[in-house]
Structures are given as structure tokens and as C-alpha cells.
1. So how many residues does segment 156-167 have that are at pLDDT below 90 and closer than 25 Å to Ile95 by Cβ?
2. Residues in segment 115-124: is at least one at pLDDT 85 or above, surrounded by 16 or more Cβ atoms within 10 Å (Cβ to Cβ) and aromatic (Phe, Trp, Tyr)?
3. Search segment 1-59 for residues being part of a loop (DSSP other than H, G, I, E, B) and basic (Lys, Arg), and hand back the single one that is surrounded by the most Cβ atoms within 10 Å (Cβ to Cβ).
4. Just checking, how many residues over segment 118-143 are out of contact with any strand residue (DSSP E or B) (no Cβ under 7 Å at 6 or more places or on another chain), of a type in the set (A, V, I, L, M, F, W, C) and under 15 Å from Gly27 (Cα atoms)?
Amino acid sequence: MDILEKMARMIRDNPSITVRELATRLGYSEGKSVYYWLEKARFYGLKDFKRAVLTGQFRAAQPQEAEPSLPEAFLLFPATEVPLVVQFDSAGNPIYAEGRSIRAHLRPVAKGAFAYRLPTQEYCPLLLARDMVLVDPSGTPRNGELVLALVPKVGPRIFRYLGTPGHQLLIHPVDGNQPPPGEPPRLLGRVVQLVRAL
């Protein structure tokens, strides 16, 4: 379903919805993404778009089967508890925060999944400091997925994974840089969900 159509449906359901609420329900971390789509469709802000939706000038196509927005889909999953990892040893084994875990409506993950809190702003605006990522260590990442990898002498870092048979490329998701030369990073798992404290 088109992003503007999703936004229009949300506005029809709740005409007083805010930019932040729209961004959250669409799965975006910031309201700037909402304004991006509005400007692309030549609407001058949320008020202008709401007016078009509520007066019938913008008609959202009604799908045969309603598609749940991302946060609503998460609520279909039961509350799950996963351990919180604070650091990793040199072999890439997780060191858990004693007695600490997170409990949230999480996607089903394999045994051994863990949460890791990002300590820096280096991934902004994609990810923010203190965001928690749910990491699934099972399986091979697909091209374009975010992964957590342990960089020797640096520590755990988030990368975008690009792989071909017999070769993998890890690039920083914001600045596009590769890990420093030397011993290759050790993949710790795929980032399957973001848990953000608002």
C-alpha cells in the first residue's frame, strides 16, 4: 500500500493524529520522513494533507484486505523477554547484564537472540544513542540487512551487509565506510528489530 494512502487511512481513523504518531505507526524513527512524503506529493505540511483527506480531495484507495501498520503487527506477537548484552569477549561471546533483560512485543526469533543498547550517536539519524537492537545470531544475513559485528580492537558495530558467494562486505549504514583493515569483523547476528525508548 502507498505511504500516502496509509497516512490518509490513519487520518480518517484519527483526524487529530500528530506527525510523531504517524511516523511511529509507519515505522519511521523521526517525523522528517512523514514530511518527506508530504513534500514529494506537493502538500505543504500535515494540516494541508489532513484538509485534503478530510474534504475528500485526496482519496485513499481501499484495499480488499486491510494491511496492519508496523506497530500494530508487532502487537500480534506475545510479549517476549530477551537478555540484554553489555559487551562481548574477544571471541565474540556475549557478556550479559546480570539480572537484566528487555520485555516487549518482539518478532519471533531463534534461541540465543539478545538485545544490545547502542552507546553512540554514530548511526544518527538511522539509529540513535540508547536505542536497543534485537539481534538474531541464527542464519545468514540477506543483502541490505543491518548486522551487528565485532570489530577487533574496536568493539561491536552496526553495519549494512552485502554478500556474494564466498565474500561479504560490511559498510557503515550512514557514512558508507568499511571496517579498518586487518583481522575481519566477526558477525554476531542480524538486527531484526529496533526497540526505542521514547
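1. 0
2. Applying the first criterion (at pLDDT 85 or above) to segment 115-124 yields 115-124.
From what is left, the residues that are surrounded by 16 or more Cβ atoms within 10 Å (Cβ to Cβ) are 115-118, 123.
If we keep only those that are aromatic (Phe, Trp, Tyr) as well, we get 116, 123.
Within segment 115-124, one or more residues are at pLDDT 85 or above, surrounded by 16 or more Cβ atoms within 10 Å (Cβ to Cβ) and aromatic (Phe, Trp, Tyr).
3. If we filter segment 1-59 for residues that are part of a loop (DSSP other than H, G, I, E, B), which is where we start, we get 1-2, 14-18, 27-31, 41-45, 55-59.
The next check asks that each one be basic (Lys, Arg); those that pass are 42, 59.
Details: Arg42: 8, Arg59: 10.
For segment 1-59, the residue satisfying everything is Arg59.
4. Counting residues in segment 118-143 that are out of contact with any strand residue (DSSP E or B) (no Cβ under 7 Å at 6 or more places or on another chain), of a type in the set (A, V, I, L, M, F, W, C) and under 15 Å from Gly27 (Cα atoms) gives 2.
Rundown of residues vs (1) outside the structural domain of Glu30 (by TED's automatic domain parsing); (2) over 19 Å from Glu122 (Cβ atoms); (3) within 15 Å of the chain's Cα centre (by Cα), yes/no style:
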position	(1), (2), (3)
Ile158	yes, no, yes
Leu162	yes, yes, no
Pro173	yes, no, yes
Gly176	yes, no, no
Glu183	yes, yes, no
Val191	yes, no, yes
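The values are calculated or read from the model by the stated rules, or taken from the named source; none is laboratory data. All figures in this text were calculated on a predicted structure; none of them were measured in a lab. Virtual Cβ from ideal backbone geometry, glycine too; neighbours counted across all protein chains shown.
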